[in-house]
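Student: The structure that follows is given in the form of structure tokens.
Read-outs throughout are calculated quantities, based only on the coordinates presented, and are distinct from any laboratory measurement. Since the structure is predicted, the reported quantities are computational estimates derived from the model, not experimental observations. Positions of Cβ are generated from backbone atoms using ideal geometry, with glycine treated the same way; all protein chains shown enter the neighbour counts.
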Amino acid sequence: MSVSCILRAGLRLAATCLFGLVCAAPLMAQDSTAPAVEEALPLAAARPQPEAAPAPALPSPQRPALPPLALAPEATVAVCLDGDTLKLTSRRTVRLAGIDTPVMGGRKKKPQFYAREARDLLNELARGQDVTLYQPATRQQDKYGRLIADICLPDGRSLSAVMLEEGAAFFYPHDDLDPTYQAWLKSLQAEAIHERRGLWAWLLAQPVALKSYIGNRESLRFFPAASQEVQRIKPRNRVHFGTLMDAFLAGYAPARHVSPWPEAPAQ
């Protein structure tokens, strides 16, 4: 064999080997990276994710410290006249501070919705109980001579608070009431409204709840927007509420003489 033939054969062999190496390189690269990817996936999946920080707990509103009512610091309850008024064995009448309840009626007027239920609950809670009376307002009596008090049961519960918590009463603000006491009662009412306890479940499902109302900044009372009483409120003191619930959540109470409160439904 000539030298030229040997050289040509060697060149063909080298070219063949080089071609094989070039074709095998991608496969080798793929094989070398595959195990790394397969091992990395479980590690990434197993990596713990940061947990969302829990929302800070809001402080539970507490009853503010109040001084004993000087005119009658301790007493025994004889009977409850309605959901916010009771009579003591001493024959003195007490109005629960900071709340109001539906009117029982009288003089041929039908009781308002939830009036009987509120009275019955207060009687169940307080009748015959030895109670302690505290003074949450600057005055000890109202214009009718009734004592104004926050009454606490022997177990320490405030009757005003229980009536609001059970949805048997609504918040009734007065400018001479202790501001912290008012804020406490208002928060209890808001909780009862949101959970639809007691009277709120039925009342806020009625057509009257969807009407608009106008509040008076000075008196903190609200009126149906269509009532004539609204015209007597100075424009700068008018507060507009889109629904009945809005008015109550803002801490306003219905005006007595034009109250939107419905009568008790027929049994």
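Student: Using a ≥ b ≥ c from the Cα gyration tensor of the stretch 61-194 (square roots of the eigenvalues), is it rounded, prolate or oblate, where a/c under 1.5 gives rounded and otherwise the larger of a/b and b/c decides, a/b for prolate?
Tutor: rounded
Student: Taking the Cα centre of the stretch 204-267 as origin, work out the dipole magnitude from +1 charges on Lys and Arg Cβ and -1 charges on Asp and Glu Cβ, in debye rounded to 20.
Tutor: 300
Student: Here's a follow-up. Provide the net charge surrounding Arg232, with neighbours chosen by a C-beta distance below 12 Å and charges set as Lys +1, Arg +1, Asp -1, Glu -1.
Tutor: Neighbourhood net charge equals +1.
Student: Using the Kirkwood radius over C-alpha pairs as Rh, can you work out the diffusion coefficient of the stretch 131-226 via Stokes-Einstein at 20 °C, viscosity 1.002 mPa s, in µm² per second?
Tutor: Diffusion coefficient, whole number: 143 µm²/s.
Student: Taking R0 as 22 Å, what FRET efficiency do you get between Glu124 and Thr89 from their Cβ-Cβ distance, rounded to the nearest 0.05?
Tutor: Efficiency at R0 = 22 Å is approximately 0.80.
Student: Continuing with this model, one more query. Tell me, what does the Kirkwood hydrodynamic radius of the stretch 204-267 come to in angstroms if you use every pair of distinct C-alpha atoms?
Tutor: Taking the inverse mean of 1/r over all distinct Cα pairs, the stretch 204-267 comes out at 11.9 Å.
Student: Which lysines, if any, have their Cα less than 29 Å from the Cα of Lys143, not counting same-chain residues under 8 positions apart?
Tutor: By straight Cα distance, Lys143 reaches Lys87, Lys108, Lys109, Lys110, Lys186, Lys234.
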